[in-house]
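Everything below concerns the one structure shown next.
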Amino acid sequence: MVYQGRAHKYGRDVDTDVIIPARYLTTSDPDQLAGHCLEDLDPDFASRVKLGDILIAEENFGCGSSREHAPMAIKGAGVSCVIAKSFARIFYRNAINMGLPIFECPEAVDGIAAGDEVRVDTEKGEITNLTRGVVFKITPFPPFIQKIIERGGLINYVRAKLKAEG
């Protein structure tokens with residue numbers, strides 16, 4: 001799969017309370033959550049982000065509370081994928097389960113600035129900063145994770161698998 005969009009860059013330890021504040025956890029509607037995504041860190045994010053844009057972050061992205069609402073809000077906002085130096089483990093799995101592709105690549109994070117145009121090609125295992133003409137290597141997802149993401153998340157993947165099995 002190929003993801004391409006403008007980079008929105010944030011620092012380290014962006015926790016799930018910052019990604020989607022607890023006061024909005026009364027809904028699981030991605031569209032409603034999207035309007036509040038990152039609002040305590042970047043009040044203009046929801047109005048600036050465009051479909052396909054890419055989040056870039058330093059270490060420990062998604063730390064804090066285990067809540068599926070965080071990747072749901074990011075995906076609902078139109079973000080195609082997240083690239084970080086590292087992710088909190090529970091966020092990593094929640095993102096995959098929600099069908100949000102996330103990639104660990106410290107070199108890419110260091111080589112991408114806010115506003116740069118970025119392309120991620122999962123088949124080639126490359127992140128390309130189109131603005132600067134620099135390519136970074138990533139490890140592609142294992143096939144089972146690729147299938148979960150392609151189906152839009154774990155629930156859709158399981159439904160499709162059950163339907164195929166009859």
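The table below gives the values:
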read-out: Rounded, prolate or oblate (a/c below 1.5 giving rounded, otherwise prolate when a/b exceeds b/c) for the chain by Cα gyration tensor; value: oblate
read-out: Label-zone membership for segment 139-154, site Met1, 7 angstrom Cα→C-beta point, backbone N under 11 Å; value: 141, 145-154
read-out: Efficiency of FRET between Val158 and Arg119 - r from beta-carbon atoms, R0 25 angstrom, step 0.05; value: 0.25
read-out: Extension gain (nm, one decimal) between Ser66 and Asp40, 0.36 nm per residue minus Cα-Cα; value: 7.5 nm
read-out: The chain: antiparallel DSSP beta bridges as a percent of all, rounded to 5; value: 50 percent
read-out: Contour excess over end-to-end distance, with Cα ends at Asp15 and Arg93 and 0.36 nm allotted per residue; value: 26.6 nm
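The numbers here are math on the coordinates, done by the rules we state, and not lab data. Please read all numbers here as calculations on a predicted model, not as lab measurements. Virtual Cβ from ideal backbone geometry, glycine too; neighbours counted across all protein chains shown.
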